[in-house]
Amino acid sequence: MTAPGLTLLDAARSYTARGYHVVPIPVRSKAPVLTAWQELRLTEPELPQHFNCVGNIGLLLGEPSGWLVDVDLDCPEAIELAPRFLPPTLAVSGRLGAPHSHWWYICRGATTKKHHFPGTKRMIVEIRSTGAQTVVGPSIHPCGETYDWLTGEPASVTHEALRAAVDALVAAVVERTGAPPAAPPQLHTPTSIVSGDAVLRRAAAYLDAMPPAISGQGGHSTTFAAATAMVHGFGLDPDEALQLLLDRYNPRCEPPWSEKELRHKVNEAATRPHERPFGWLRDTNNTVEHNDVDLSGILSLRTAPCVESASAQSPAPPDPGLLPPELLRMPGFVGEIMDFCLETAPYPNLVLAFCGALALQAFLAGRKVRDGGDNRTNIYLLGLAHSSAGKDWPRKINTRIVHEVGLSGSLGERFASGEGIQDALFKQPSMLFQTDEIDGMLQSINKAKDARHEAIMSTLLTMYSSSNSVFPMRRKAGKESPGVIDQPNLIIFGTAIPNHYYEALSERMLTNGFFARMLILEAGQRGNGQEPSIRDLPQRVIETARWWAEFSPGKGNLEHWHPTPKVVEHTESAKRLLVETREEAESEYARAEEAQDAVGTTVWGRVSEQVRKLALLHAISANARAPVIDVDAVRWARHLVMHQTRRMLFMAAGHVAENPFHAECLKLMKKLRESPDRMMARNKLMRAMHCKLADFDQIIATLLMQGDVECVEIPTSTKPAQGYRLP
């Protein structure tokens, strides 16, 4: 990682601004020549006199630079094995001939320690701290290679955890190279841990290996995972668990928790049931008798019990797969439009044909029918399909039908602003918006710095909930009364490319209700093409569409402005099934609430409403003039909504990230999920990720630490290849 164009003085100023003290070093050298350079504390005004010419630059380590520590990997085996053993950090540097050979940490109290191959002076790894320095970019190595700049933020770790991890790395290197083993390393433990209690010592080391809680990055779930590991995994008394968290874990958290907050986490973990057997971490190495902390069960990636994380506490939702084809049929009007679409489309697609026909039925019946619970036909439909899969054909058919029955003024395409949506619905209270590439709109909302795009989201959310009420218009200059939209019927038929849509969603969109209001259907692979033909619209379709356009359930001059929709009744068996559906959704909602799953509660909270809307649409499609919501309509709607709710939650969990790094982690897990046997060789996986080696190693290290992936050996025609798989 270099920063071209910056001078040595620029580098010195940059490192100093980050709180690191710098030391001048002669060009192509690795050692300072100034007397007492360890005591050098250059300030920003003093930098020009030391770094205004050609030379190298080093960073003073340890206490002078805020306990910046460098783990220097001095052999190829150590560089290769480091991601398996060293704590994850965003700060990894090196040079072309020794990439990723320096792992940087903030480690208070760390001391310099060198590890050699037994019986030799050949170095394996060195922990560099107070009294040492390391050369960094843009310095030039004696061989002529340029050092990487230290750019990422070093992770904060305890010196016990770092020393244990380095000891484990050294042992693995010695084993890999076949060198005689060294004496087992001793772990220095604080006096607050009882020296003779192996379980407490191992629990403390386990905490040291866990990632700290960082505000805004899943801190609550990470701390809860740590508390669960203590009381469930090691079987500690809540008071013992609390003391360990206060002594060993809390100082690394940003910001640290109060004792009251940590006690709440411990008590919650102690009272909540856990899917793993009690004491699963304690019993992994219950034969330890000596004072050393055996970290083999923690740091060895082939046998490691997973470090509890947010993903372990809230496992990813199961994948129900694509929607079964039998759920993509509806009798009557919707089915007739679908048949015409599939017969004439250059590339027929069942999902897109269904979405288009259902959206048209919902639009034509808007403000004209409702069920006994005052649910209306307004829906937000989204069809996901890859490029050239036939997304435009259903839109063209809908446009032809709407034009044929004289409702062209009720068609919309894109959302320019929230105010524009309001103005359009004020003129035409029932509208059908057919929007392609809806992910672009979501990206604009996410990245916009003004309120215009935010107003689109707010309007869409409120308009959906106002279909059986009134939507108050914004107040305009020069007008006393802003007016209202009575019972707005906004139908959205959007299309997008699958990955683009889910990646465009943000965590806020998942929890503010927008995601829950959408019915998202995936088209899967593109079907075989067929020769297109010019055909007239079916007469039966035109007649039904015209009947809906002319149907007016109420009476009086104000019926257009304040309609009285016809009530479509339920059969008794349909009512009972709707109650069962509501209770099932409420049960899922309670599970999500207990797991503190904000996305789950938001989505499951809308399931009952979605089922009732689709059952109403099923009834009016089957019989426009005398509709009845029977048990078949409810059963179909229930199966469709339940299936798609689980599919939407699964897809969101695998795509929507809290930050760019989280997005890369999700991307890697998706690659593994789509591979045979859910695993892939390291070299193939790195090519599939299209990222730098340092970034790839950082992603792998993080996922290994969280227990989301594990190391495997994949047989090949020669020697086994290193790879990774989903547990």
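When ALA626 is tested against the conditions (1) open to solvent by less than 30 Å² (accessible area, probe 1.4 Å); (2) outside any helix (DSSP H, G or I), the lone failure is (1). For the residues MET680, MET651, MET669, the requirement of being open to solvent by 10 Å² or more (accessible area, probe 1.4 Å), in contact (Cβ under 8 Å) with a residue 40 or more places away in the chain and assigned to a strand (DSSP E or B) singles out MET680.
Looking across the stretch 40-52, the residues that are in contact with a Pro (Cβ under 9 Å, 6 or more places away or on another chain) and either at pLDDT below 85 or surrounded by 15 or more Cβ atoms within 10 Å (Cβ to Cβ) (or both) come down to LEU40, LEU42, HIS50, PHE51. Are any residues in the stretch 472-514 at pLDDT 80 or above, assigned to a loop (DSSP other than H, G, I, E, B) and in contact with a Lys or Arg (Cβ under 6 Å, 6 or more places away or on another chain), and if so, which ones? Of everything in the stretch 472-514, just one residue is at pLDDT 80 or above, assigned to a loop (DSSP other than H, G, I, E, B) and in contact with a Lys or Arg (Cβ under 6 Å, 6 or more places away or on another chain), namely GLN487.
Checked against (1) in a loop (DSSP other than H, G, I, E, B); (2) modelled with pLDDT under 90, LEU9 passes all but a single condition, namely (1).
Might you let me know whether the stretch 551-571 holds any residue that is of a type in the set (Ser, Thr, Tyr), in contact (Cβ under 8 Å) with a residue 12 or more places away in the chain, surrounded by 15 or more Cβ atoms within 10 Å (Cβ to Cβ) and over 21 Å from ILE397 (Cα atoms)? Within the stretch 551-571 (the criterion being of a type in the set (Ser, Thr, Tyr), in contact (Cβ under 8 Å) with a residue 12 or more places away in the chain, surrounded by 15 or more Cβ atoms within 10 Å (Cβ to Cβ) and over 21 Å from ILE397 (Cα atoms)), the answer is yes, since at least one residue qualifies.
Residue pairs whose Cβ atoms lie under 8 Å apart, sitting 6 or more positions apart in sequence or on different chains, and linking a residue in the stretch 460-477 that is within 15 Å of PHE426 (Cα to Cα) to a partner that is at pLDDT below 80 and among the hydrophobic types (A, V, I, L, M, F, W, C), are LEU460/PHE415; LEU460/PHE514. Give me a count of the residues in the stretch 315-343 that are crowded, with 17+ Cβ neighbours inside 10 Å and either in contact with a Ser or Thr (Cβ under 7 Å, 6 or more places away or on another chain) or on the phi > 0 side of the Ramachandran plot (or both). Number satisfying all stated conditions: 4. Inspection of the stretch 586-609 identifies no residue that is part of a loop (DSSP other than H, G, I, E, B), surrounded by fewer than 23 Cβ atoms within 10 Å (Cβ to Cβ) and touching a strand residue (DSSP E or B) at 6+ places or on another chain (Cβ under 6 Å). Note on the stretch 92-118: among residues that are in a loop (DSSP other than H, G, I, E, B) and crowded, with 21+ Cβ neighbours inside 10 Å, the one that is modelled with the lowest pLDDT is ALA110. Kindly indicate the residue of the stretch 134-168 that is in a strand (DSSP E or B) and open to solvent by 20 Å² or more (accessible area, probe 1.4 Å) and also farthest from VAL92 (Cα to Cα) among those meeting that condition. Ranking the qualifying residues of the stretch 134-168, first place goes to ILE140. Taken over the stretch 53-90, the criterion of being farther than 16 Å from LYS30 by Cβ, buried (at least 21 other Cβ atoms within 10 Å of the Cβ) and touching a Gly at 6+ places or on another chain (Cβ under 9 Å) is satisfied by GLY62, SER65, LEU68, VAL69. Counting only residues that are in a helix (DSSP H, G or I) and surrounded by fewer than 21 Cβ atoms within 10 Å (Cβ to Cβ), how many does the stretch 706-727 have? Total meeting the criteria: 0. Only a single item in (1) surrounded by 17 or more Cβ atoms within 10 Å (Cβ to Cβ); (2) of a type in the set (D, E, K, R); (3) over 33 Å from the mean Cα position of the chain (by Cα) is not met by LYS391, and it is number (3). When restricted to residues that are over 12 Å from ALA204 (Cα atoms), hydrophobic (A, V, I, L, M, F, W, C) and either open to solvent by 30 Å² or more (accessible area, probe 1.4 Å) or modelled with pLDDT of 85 or more (or both), the stretch 232-261 contains 1. Per the conditions (1) out of contact with any helix residue (DSSP H, G or I) (no Cβ under 8 Å at 6 or more places or on another chain); (2) surrounded by 16 or more Cβ atoms within 10 Å (Cβ to Cβ); (3) touching a residue at least 24 places away in the same chain (Cβ under 8 Å), the sole criterion not satisfied by GLY420 is (3).
The values are calculated or read from the model by the stated rules, or taken from the named source; none is laboratory data. What you see is a predicted model; the values in this text were computed from it and never measured. Neighbour counts run over all protein chains shown; Cβ positions are idealised from the backbone, glycine included. All accessible areas refer to the heavy atoms of the entire protein, side chains included, with ligands and DNA or RNA removed. Shrake-Rupley method; radii C 1.70, N 1.55, O 1.52, S 1.80 Å.
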